[in-house]
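The values are calculated or read from the model by the stated rules, or taken from the named source; none is laboratory data. Everything numeric here is computed off the predicted structure, so don't read it as measured data. Cβ atoms come from the backbone with ideal geometry, glycine included; neighbour counts cover every protein chain shown. Accessible surface areas use protein heavy atoms only, side chains included; no ligands, DNA or RNA. Shrake-Rupley method; radii C 1.70, N 1.55, O 1.52, S 1.80 Å.
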Amino acid sequence: MEPKIKEKAWNPELEKKILKDWDEEKIYEFTPTENNFTIDTPPPYPSGRPWHIGAAAHYSQIDMIARTARMSGENVYFPIGIDRNGLPVELYTEKKHNIRMRETERGEFLNLCRVALDDLEAEMLLIMKNLGISGEFANYYRTDSEEYRSLTQSTFIDLWKKGQIYLANRPNNYDWVSGTTIADAEIIYQDLPTKLVYMKFKIKDTEKEIIIASTRPELLCACKTIIVNPDDQRYAPFIGKKIIVPITNAEVELRTHHSAQQEFGSGAVMVCSYGDQNDVALFRELELEEVVAIGLDGKMTEAAGEYAGLKPKQARTKIIEDLETNGFVEKIEDIVHRTPVSERSKIPIEIIPMEEYYLKQKDSVEKIKKLGQEITFYPSMHKQILMNWLESINIDWPISRRRYYGTEIPIWYCKSCSEPNIPEPGKYYKPWSDKCPISNCTKCGATEFVGEERTFDTWMDSSVSPLFVSKFNKDSEFFKKVYPTTIRPQAKDIVRTWLYYTLLRCDQLTGNKPWSQAWIMGYGLDEKGLKMSKSKGNAIDPLPVIEKLGADTFRFWSASEINHGYDFRCNEQKIESTKKFLSKLWNVSRFLSSFPVINSGKPNPTDKWILSELNNLVKECKKGYDEYNFFVPAIAVREFTWNVFAAHYIEMVKARAYGIGFSDDERDAAIFTLHKTLSTILKLLAPITPFITDHLWKTLYSQSSIHIEQQVEPEDEQSENKLTEEISEFNSKVWNEKKTKGLSLKDSFSYPVPKSLEPFKKDLESMHNLI
RNA sequence: GGGCUCAUAGUCCAGAUCGGUUAUGACGUCGCCCUUACACGGCGAAGAUCCGGGGUUCAAAUCCCCGUGGGCCCACCA
């Protein structure tokens, strides 16, 4: 009989047609019912070409989650979104047009960002679609849409009213030349020459002195404590004593702290607001009261007494003179100091307290820990990342940013009394350009306002994604059915941010956790195991790879190469060689397509053996699918299909399937078993390689898609692993013998079948033409 | 510096919770072979001091301790 399948290999071009069929059949459409499986899909950020190949693998696997759930009978809601807020697009736009954000008119700058995002987004959506992702592309969302931003603003207004938000001073990196705060990422370190001054501090009520070395003596006025290492015996007798600060004569306490190193300087450190990041940490940890010694103009403040108005460098020179005059200096060393400088202006940054909005989180830590415990993590080890993070939280969350491309903080300040006025929730507000929607100040009744210029930290937006997709505050019917959602799939590096902030915000707003499961994936590294980056030139562009090899090849590579939760290496050649397996699957199917489908039969021992192995395979795959670990089924199915089913079973029953030398019943049993096995393999692979399996399924078994089928359930029966090994060994022996004797494989040959393989004698004899 | 994690052939990976005969499979390499599904194939071969050191044990890739090296996250030196 002519095979139904003519082509000799799987052609990835077919994927385009299959995508169209899926669209027309609408098999992935979602209508909410009482029980839904909702995926809180991570909205990817279009930060520039090329899209990270690891991300493409990540989204392929998220799609496998959706398909796995569908095949186990779930009603799957798989939203698609694009994250568009934040710094990366600002930097991208500045570079692309060679402009500076702050020197460009705000509306114009935002437009340029928007256009850049649109281009990058289009390519990203194309890749996602071509990967076969079965999400809701028709109404994908953007985090910078009016609808999304108004949700972010509404949640802010809600929390503001609940008293969860406050304004506070916080030390910031400040570049006083550019007049702006800068992000940690914009700081570079330079080795600059400076003076290390060893100063004498008196210990109160004693004749003793303690020597303290510092590069920032001008900050003496902001010194609030002295620390030494707890193991440092030299200072042990004086712990808790008061120390008199030179020049200011202030009294501060001597205490121990592990961050002081015995070997550096004298081993004693003065802690000032703020000489460096360690000072910031210590002020916070020890709850010291800060002194603002340097102002926004980059000059010493009134707190510096007679040094007020001087720049830090001038003040330093002068205070060193004064210290020397008064005998407070032991010695001065010229050293080279690793100094944090602004990447832009190249001047040393100052750490200056500035007013920012904070969202309370410290009070929620215990509650979030509890919620974290209730959530199932896949793999479980990554729950630890969240728990460690929760342990280390010691300040509230600063949510305001002095940036442009973000959701605006919806506040107008009264011009006469400065009272912050908050608008009603439900609309999208742009205080930097919009007229204040409130007519009279709630405090003094005045009518003139100034709009807030700052935006939110982008995690304020992303952290409400489960609320957005479940139509929180918008469609209560829908929300009731969909929230809490089912699963949050995401990468490992943003557990401390996205996962944590989502838990915090959703709990604050709904009193309920956002999902019951979290699925955490590792990073995609290059073939040497290094992080991919555009600057290193080791980034692989996924688009040409997918176009050339097809989505299924890429997806099968992703499943068979990535052990869930661990980092993985990307190698183009490896992806390419994965195609061979699809080719094998194709040709097995091509062979079977020359036989009619038979739905029942009386399996002989050979058939029973392969069906039993097939059942073992189903069991193994189920284990993997139950934990959304696609590595397990991918490896298991490949191994079975290639090395057991094709290599041994098909060869053993070929003659029988053709009916040469066997009865009709025996023939039909073989054909039945062949189809039963292949159709099971196709189903087991359907979530991983949706294109080829659907194509083969429709060609061989059904009018309708494999993606509306239920997954195969294992039967509870004993395995017969031992036989597989014996069969494979026997076949090897015969092949080798024939080879040594210079015989062709079809030549007849005299060789005994061992007793243990007696039940398979007839099939083995026909396979090897044994006499 | 703190945390998490990994370490098995040229490359990737199994062997994890339950120590036990010649350490799994794939890719790559080499040799032979057109065998009525497949040369994008078949058969076969070579290739591993299981990171190092110590310990527990009759027995360790597997369990324990100490190192070394990679990756990532966080913090960065008065």
Quick one: ranking A:15, A:651, A:302 by accessible area, 1.4 Å probe, largest first, what do you get? A:302, A:651, A:15
Show me the ranking of peptides A:595-607, A:541-553 by mean Cβ neighbours inside 10 Å, starting with the highest. A:541-553, A:595-607
Share of chain A's accessible area from carbon and sulfur, percent, 1.4 Å? 48 percent
Going toward the positive end of the dipole of segment A:204-291, with +1 on Lys and Arg Cβ and -1 on Asp and Glu Cβ, which of A:226, A:283, A:210 do you reach last? A:210
What FRET efficiency do you get for residue A:563 and residue A:643 if R0 is 22 Å and r is their Cβ-Cβ distance, rounded to the nearest 0.05? 0.60
Cα centroid of segment A:361-396 to Cα centroid of segment A:735-750, whole Å: 65 Å
Collect residues whose amide H, placed 1.01 Å from N in the peptide plane, falls under 5 Å from the amide H of residue A:268; neighbours closer than 5 in sequence don't count. A:213
Measuring from label point to label point, each 7 Å out along Cα→Cβ, what is the residue A:322 to residue A:4 span in nm? 9.3 nm
So, R0 is 45 Å and r is the distance between the beta-carbons of residue A:192 and residue A:548; what FRET efficiency does that work out to, to 0.05? 0.30
Segment A:545-559 to segment A:613-654: how many Å between their Cα centroids? 20 Å
Cα-based helix-to-principal-axis angle, A:277-286 vs chain A, degrees rounded to 10: 80 degrees
So if I average 1/r over every pair of distinct C-alpha atoms in chain A and take the inverse, what Kirkwood radius in Å does that give? 31.1 Å
Let's see if you can work this out: charge +1 on each Lys and Arg Cβ, -1 on each Asp and Glu Cβ, no other charges. What is the dipole magnitude of segment A:24-133 about its Cα centre, in debye to the nearest 20? 340 debye
With DNA, RNA and ligands ignored, accessible area of residue A:745 (1.4 Å probe; Å², nearest 10): 100 Å²
Cα gyration tensor shape for segment A:245-337, rounded if a/c is under 1.5, else prolate or oblate: oblate
Gain upon complete extension [residue A:145, residue A:297; 0.36 nm per residue less C-alpha separation]: 51.0 nm
Put A:663, A:145 in order of accessible area, largest first, 1.4 Å probe: what do you get? A:663, A:145
Under 15 Å, Cβ to Cβ, from residue A:641 - net charge with Lys/Arg +1 and Asp/Glu -1: +2
Charge dipole magnitude, Cβ of K and R +1, D and E -1 - chain A, Cα centre, debye nearest 20: 960 debye
What residue among A:172, A:714, A:589 has its Cα farthest toward the positive end of the dipole of chain A, where the charges are +1 on Lys, Arg and -1 on Asp, Glu, each on the Cβ? A:589
Just in segment A:176-271: which GluC sites (Glu not before Pro) are loop by DSSP and have at most 15 other Cβ atoms within 10 Å? A:207, A:263
Cα centroid separation - segment A:579-597 against segment A:210-266, whole Å: 77 Å
Using DSSP to define loop residues, name the GluC sites (Glu not before Pro) in segment A:62-136 whose beta-carbon has at most 15 other beta-carbon atoms within 10 Å. A:74, A:105
Give, as a single signed number, the net charge of other residues whose beta carbon lies under 12 Å from the beta carbon of residue A:21, with Lys and Arg counted +1 and Asp and Glu -1. 0
Relative to the first principal axis of the alpha-carbon coordinates of chain A, what is the inclination of helix A:312-325, with its axis defined by its Cα atoms, in degrees from 0 to 90 and to the nearest 10? 50 degrees
Gyration tensor verdict on segment A:1-157 (Cα atoms; rounded if a/c is under 1.5, prolate if a/b is larger than b/c, oblate otherwise): oblate
Label-zone membership for segment A:365-395, site residue A:277, 7 angstrom Cα→C-beta point, backbone N under 17 Å: A:392-395
With contacts defined as alpha carbon pairs under 8 Å and 6 or more residues apart, what's the relative contact order of chain A in percent? 16 percent
Taking 0.36 nm per residue of separation between residue A:741 and residue A:494 and subtracting their Cα-Cα distance, the length gained on full extension comes to 82.7 nm
Residue-normalised accessible area of chain A, given per residue in Å² at a 1.4 Å probe: 45 Å²
So how tilted is helix A:106-130 from the main axis of chain A? Cα-based, degrees 0 to 90, rounded to 10. 20 degrees
Apply the Karplus curve 6.51 cos²θ - 1.76 cosθ + 1.60, θ = phi - 60°, to the phi angles in segment A:160-168 and return the couplings in whole Hz, x for Gly and Pro. 4, 5, 7, x, 8, 10, 9, 9, 8
Net charge of neighbours whose Cβ lies under 14 Å from the Cβ of residue A:632, counting Lys and Arg as +1 and Asp and Glu as -1: -1
Trypsin sites (Lys or Arg not before Pro) within segment A:301-382, DSSP loop, no more than 13 other Cβ atoms inside 10 Å: A:346
Any chance you could run the full-extension gain for residue A:337 through residue A:572? It's 0.36 nm times the residue separation minus the Cα-Cα distance, nm to one decimal. 80.2 nm
Residue A:427/residue A:137 FRET efficiency (R0 25 Å; Cβ-Cβ; nearest 0.05): 0.35
Label-point separation, residue A:583 to residue A:234 (7 Å along Cα→Cβ), nm: 7.2 nm
